[in-house]
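Colleague: Okay, handing you the structure first.
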Amino acid sequence: MGPCADSLYRFVVEGSNVRGQLVYLDESWRELAARHDYPPVVLRLLGEAVSAAALLSATIKFDGALTIQASGDGGLRLLIAEATASGTVRGLARWKEKLEGTLLPELLGNGRLAITIDPGAGRERYQGVVALEGDSLSQSLRGYFAHSEQLPTRLWLAVEEERLAGLLLQWVPDERRDFSRDVDADALVNAWQQTVEHANALEPAELLELGVVELLARINGGRAVRLYPGESWRFLCSCSREKVAEMLRVLGREDLESLIEEQQRVSVGCEFCNAVFKFDAIDVAQLFSEDPHDLRSTRH
């Protein structure tokens with residue numbers, strides 16, 4: 001079984017407390033990356049963030065979105081990746097013209113890492129913020145889980161122009177087990193340590209190219225693995241003309257009409273997908289009409 005394009009696979013190592021996900025993003029990654037002309041080092045880090053967001057979103061049950069955001073005062077100012085429960089990804093990066101170094105802390109400088117979970121349906125968002133740790137995004141995310149979730153988690157991320165791949169492993173305690181009677185606690189720990197050790201031995205090219213079954217056999221040392229069917233993923237930006245209209249209403253009718261008088265129309269662009277939404281005098285009048293949802297749906 002080879003890795004299917006734009007798919008995420010969940011798996012459980014039988015007889016252990018190890019669970020994980022594998023993700024492969026192909027067309028979705030190419031569509032996302034084509035939205036901006038990213039320098040190679042920025043493109044690599046953005047790809048790592050996107051695949052990591054997809055993996056982390058698959059560890060929780062929710063209907064909203066999970067966002068990874070790294071920011072700092074270095075040449076790379078901002079890195080954002082978002083994955084949703086419906087299997088969509090988007091992301092962007094902002095940087096200065098001059099970039100120094102190749103490692104995450106070198107590029108971000110004095111920075112921090114934030115994980116935001118928006119459960120959707122108007123429920124309260126959760127955000128965890130930690131300082132950047134180690135030389136890579138995967139190491140910083142490991143630190144995030146150690147400090148915020150207290151759940152042993154490891155990630156391996158690989159990026160090339162045509163494909164992203166990511167592997168996540170987690171140690172998930174089973175509180176229902178009676179370790180004094182029917183479970184060898186040392187065996188469970190050994191299973192986790194050996195799986196992580198085998199995953200550490202993978203080359204990035206292997207993560208990108210190995211078939212799913214072959215890769216899981218490689219890291220699990222002969223243990224049986226329960227593999228669930230792949231789930232489809234795609235690139236999709238959540239921007240819309242309606243959302244922009246709501247933002248413009250906050251500015252107020254007087255300010256908008258002044259802008260229209262000066263510029264004939266108001267243009268608002270989305271940094272994630274480069275879509276541009278334009279509003280003329282008629283559109284602005286409709287924004288403040290009795291039926292504010294009666295908007296022209298054309299995307300310009």
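Colleague: Taking the condition of being charged (D, E, K, R) and either outside the structural domain of A158 (by TED's automatic domain parsing) or more than 29 Å from R226 (Cβ to Cβ) (or both), how many residues in the range 11-47 meet it? I'd like the intermediate steps shown before the answer.
Modeller: So the first thing to find is which residues in the range 11-47 are charged (D, E, K, R), and the list is 14, 19, 26-27, 30-31, 35, 37, 44.
Applying the additional criterion that residues be either outside the structural domain of A158 (by TED's automatic domain parsing) or more than 29 Å from R226 (Cβ to Cβ) (or both) yields 30-31, 35, 37, 44.
The qualifying residues number 5.
Colleague: In the range 62-77, how many are surrounded by fewer than 18 Cβ atoms within 10 Å (Cβ to Cβ) and under 20 Å from L236 (Cα atoms)?
Modeller: Of the residues in that region, 2 qualify.
Colleague: Let me ask another. Evaluate the following for P204: is it surrounded by 13 or more Cβ atoms within 10 Å (Cβ to Cβ) and at pLDDT below 80?
Modeller: no
Colleague: Using beta carbons and a limit of 8 Å, which pairs, at least six apart or on different chains, have the first residue in the range 54-71 and assigned by TED's automatic domain parsing to the domain that holds L151 and the second one assigned to a loop (DSSP other than H, G, I, E, B) and modelled with pLDDT of 95 or more?
Modeller: Qualifying pairs under 8 Å: A54/W233.
Colleague: Take R142 and tell me if it is in the same structural domain as L167 (by TED's automatic domain parsing), within 17 Å of the chain's Cα centre (by Cα), of a type in the set (K, R) and loosely packed, with under 14 Cβ neighbours inside 10 Å.
Modeller: no
Colleague: Select from the range 104-132 the residues that are of a type in the set (G, A, S) and surrounded by fewer than 17 Cβ atoms within 10 Å (Cβ to Cβ) and list them in ascending order.
Modeller: The answer is G109, A114, G120, A121, G122, G128, A131.
Colleague: So for the range 72-95 (the condition being out of contact with any Ser or Thr (no Cβ under 9 Å at 6 or more places or on another chain), hydrophobic (A, V, I, L, M, F, W, C) and within 16 Å of L164 (Cα to Cα)), does at least one residue qualify?
Modeller: Yes - at least one qualifying residue is present in the range 72-95.
Colleague: Look through T153, T102 and report the one residue that is β-branched (V, I, T), within 28 Å of A191 (Cα to Cα) and assigned by TED's automatic domain parsing to the domain that holds A34.
Modeller: Testing whether each residue is β-branched (V, I, T), within 28 Å of A191 (Cα to Cα) and assigned by TED's automatic domain parsing to the domain that holds A34 leaves just T153.
Colleague: Here are some residues: V276, V266, V250. Which one is surrounded by 13 or more Cβ atoms within 10 Å (Cβ to Cβ) and of a type in the set (V, I, T)? Even if it seems obvious, please write down each step before you answer.
Modeller: Working: V276 fails: surrounded by 13 or more Cβ atoms within 10 Å (Cβ to Cβ); V250 fails: surrounded by 13 or more Cβ atoms within 10 Å (Cβ to Cβ).
Matching residue, one of V276, V266, V250: V266.
Colleague: Right, here's the next one. Residues that are closer than 16 Å to S140 by Cα, touching a Lys or Arg at 6+ places or on another chain (Cβ under 6 Å) and either outside any loop (DSSP other than H, G, I, E, B) or among the small types (G, A, S) (or both): does the range 69-79 have at least one?
Modeller: The answer is yes, given that some residue of the range 69-79 is closer than 16 Å to S140 by Cα, touching a Lys or Arg at 6+ places or on another chain (Cβ under 6 Å) and either outside any loop (DSSP other than H, G, I, E, B) or among the small types (G, A, S) (or both).
For every residue, the table says whether it meets (1) in contact with an Asp or Glu (Cβ under 6 Å, 6 or more places away or on another chain); (2) among the acidic types (D, E).
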position	(1), (2)
L22	no, no
S28	yes, no
L32	no, no
V50	no, no
D63	no, yes
T84	no, no
R90	yes, no
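Colleague: So G101 passes all but one of these: (1) crowded, with 16+ Cβ neighbours inside 10 Å; (2) at pLDDT below 90; (3) not β-branched (V, I, T). Which condition number does it fail?
Modeller: Only one criterion in (1) crowded, with 16+ Cβ neighbours inside 10 Å; (2) at pLDDT below 90; (3) not β-branched (V, I, T) is unmet by G101, namely (1).
Colleague: From the list E48, E106, which one is in a helix (DSSP H, G or I) and either touching a helix residue (DSSP H, G or I) at 6+ places or on another chain (Cβ under 8 Å) or touching a residue at least 60 places away in the same chain (Cβ under 8 Å) (or both)? Can you show your working first?
Modeller: Details: E106 fails: either touching a helix residue (DSSP H, G or I) at 6+ places or on another chain (Cβ under 8 Å) or touching a residue at least 60 places away in the same chain (Cβ under 8 Å) (or both).
On inspection, the qualifying residue turns out to be E48.
Colleague: Still on this structure: Tell me which of these T153 doesn't satisfy, since it passes every other one: (1) more than 22 Å from V23 (Cα to Cα); (2) out of contact with any Gly (no Cβ under 6 Å at 6 or more places or on another chain); (3) modelled with pLDDT of 90 or more.
Modeller: Among (1) more than 22 Å from V23 (Cα to Cα); (2) out of contact with any Gly (no Cβ under 6 Å at 6 or more places or on another chain); (3) modelled with pLDDT of 90 or more, T153 violates only (1).
Colleague: Could you tell me which numbered condition D26 fails, if it satisfies all but one of (1) touching a Ser or Thr at 6+ places or on another chain (Cβ under 7 Å); (2) at pLDDT 95 or above?
Modeller: So the condition that D26 fails would be (1).
Colleague: Please state which of the following conditions E231 fails to meet, knowing it meets all the rest: (1) loosely packed, with under 13 Cβ neighbours inside 10 Å; (2) assigned by TED's automatic domain parsing to the domain that holds L32.
Modeller: The one condition E231 does not meet is (1).
Colleague: Within the range 105-119, can one find any residue that is at pLDDT 90 or above, assigned by TED's automatic domain parsing to the domain that holds A52, over 16 Å from the mean Cα position of the chain (by Cα) and aliphatic (A, V, I, L, M)?
Modeller: yes
Colleague: Limited to the range 218-261, what total is found for residues that are part of a helix (DSSP H, G or I) and out of contact with any strand residue (DSSP E or B) (no Cβ under 6 Å at 6 or more places or on another chain)?
Modeller: Qualifying residue count, the range 218-261: 19.
The values are calculated or read from the model by the stated rules, or taken from the named source; none is laboratory data. It should be emphasised that the depicted structure is a prediction, and the values quoted were computed from it without experimental measurement. Positions of Cβ are backbone-derived with ideal geometry, glycine not excepted, and every protein chain shown enters the neighbour counts.
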